[in-house]
Structure formats: structure tokens, C-alpha cells
1. Can you give the alpha-carbon Rg of region 138-186 over 2.2 N^0.38 Å, where N counts its residues?
2. Of the listed peptides 17-23, 155-161, 3-9, what is their order by residue-averaged count of other C-beta atoms within 10 Å, with the highest listed first?
3. Note the full-extension length gain between V135 and D87 as 0.36 nm times their separation in residues minus their Cα-Cα distance, in nm to one decimal.
4. Based on DSSP H runs of at least 4 residues, each adding -39500 (n - 2.57), what is the mean residue ellipticity at 222 nm of the chain after dividing by all its residues, to the nearest 500 deg cm²/dmol?
5. Pop the C-beta distance of D95 and V75 into the FRET formula with R0 = 45 Å and round what comes out to the nearest 0.05.
6. Need one number for the chain: average projected area of the convex hull over its C-alpha atoms, nm².
7. For region 103-201, how big is Rg over Rh, using alpha carbon atoms and the Kirkwood form of Rh?
8. On a full-extension model of 0.36 nm per residue, what is the gain between A38 and R194, subtracting their alpha-carbon distance, rounded to one decimal in nm?
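Computed from the coordinates by the stated procedures, all read-outs in this text should not be read as laboratory data. These numbers come from a predicted model, not from an experiment. Glycine gets a Cβ as well: all are built from the backbone with ideal geometry, and neighbour counts include every protein chain shown.
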Amino acid sequence: MRLVLVRHGQTTANVNLELDTAEPGAPLTPLGHEQAAAVADVLSPEGVSAIFTSHLTRTGQTAAPLARQLGLEPVVLPGIREIIAADLEMRSDLDSVIEYHRVANAWCHGDLDVRMRGGETGHEVFARYNAAIDVARERVGDGVAVFFSHGAVIRTWSGYHARNVDADFATSRILLNTGMVVLDEGPAGWLVRRWMDESVG
């Protein structure tokens, strides 16, 4: 299976640097809708087999243009939602943002026992994301599954699970709104093929 992980388009919370992870979440800005249309133009020729979104508003809105172009109905997978900020929800101060990413980076480096303050451990986040991937695999087989998901969880999951990149690679690279990580699944596991505009061997 090829897995295309797409971060959602820009939201007002992104503009305000807020840790917005609760339901339903902020909607896309006008720029976010433009970004979503551009994603559709990029992915529509890629042989997409199925489209999946989290249950947060912004991923459904980002997926909508591609779904219309391809005539596909997006499937909602709550497990691909963002890492829940819990006690840090909607904070934008530097200390809170640093704490949130410090925990996510610890998971990426293999310390899955660390718990987001008031929230999930790495074990719990990866379990729900992997369960969603299992659902997608059953649906598309060797085809192309597109996940409209969220920045921190995409970077963290990819950095931990892919065989050809390490945690330092993933945690040192941002994922802009509608940025993509493309992975292929083989007998030995996942390989990153592209990270944003960077090809990965």
C-alpha cells in the first residue's frame, strides 16, 4: 500500500499558533481552502484508491476538493486525529508549545511511556493510528490511501515507523499546511518516499 499523509489546510488556530486539537476544531481560512484546492490538483492524477479524514472539521474541508474531483466519498477515521493537547488545549504561549512538541519528539525517539499532560501516551497514539491504517489497508489492498490528518501526529508516526528515516530527520523538519509525507509499505515495513518537496531514498 502507498500511504499519502496530508496535513490539513490553514486554520485560524494555526494563524494564532494555538494548540487546537479538540472537537470539532477550527475551520479552514480562505487560504486554507485555496491550499485544499491545490492539493486536489496535485493528487488527482496519482491513482488514489480511497480518501480518509479525521473527524475534525479542518481535515474534512481539506479533503473535499479531491473527493469531488475523483468522485470518492471520504471515510472518517477518528484514529488519525491530531495528538490531543489535553491540559495544553488552545494554549499559544511558548512554554506550552515547547512542552507539546517535546512530548511528541520523545515518542518519535522511542520513549512511548511519556504522557502528554492530561492526555495520551505514545503507545496510545500509535495504537489508534495503526488501527486506522489497518482499516485503510483492508479497503485499498496494494492501492493508494490518502489520509487527511494533522501535522504533529504525521511527523511523529512517520519518524517512529519508517525504516529509512530516523527520529532526528522527522523532528527537524516542519510539515506546512497541506504538506505531504508519502510512504510505501513493503515486506519489511514502511519507507518514506517523499517528505514535503524532499525526495527520500
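1. Working it through for region 138-186, the quotient is 1.20.
2. 3-9, 155-161, 17-23
3. Separation in residues times 0.36 nm, less the Cα-Cα distance, equals 14.3 nm.
4. That calculation yields -12500 deg cm²/dmol at 222 nm.
5. After rounding to 0.05, the efficiency reads 0.75.
6. Quarter of the Cα hull surface area: 10.1 nm².
7. For region 103-201, the value is 0.95.
8. The span from A38 to R194 would gain 54.4 nm if fully extended.
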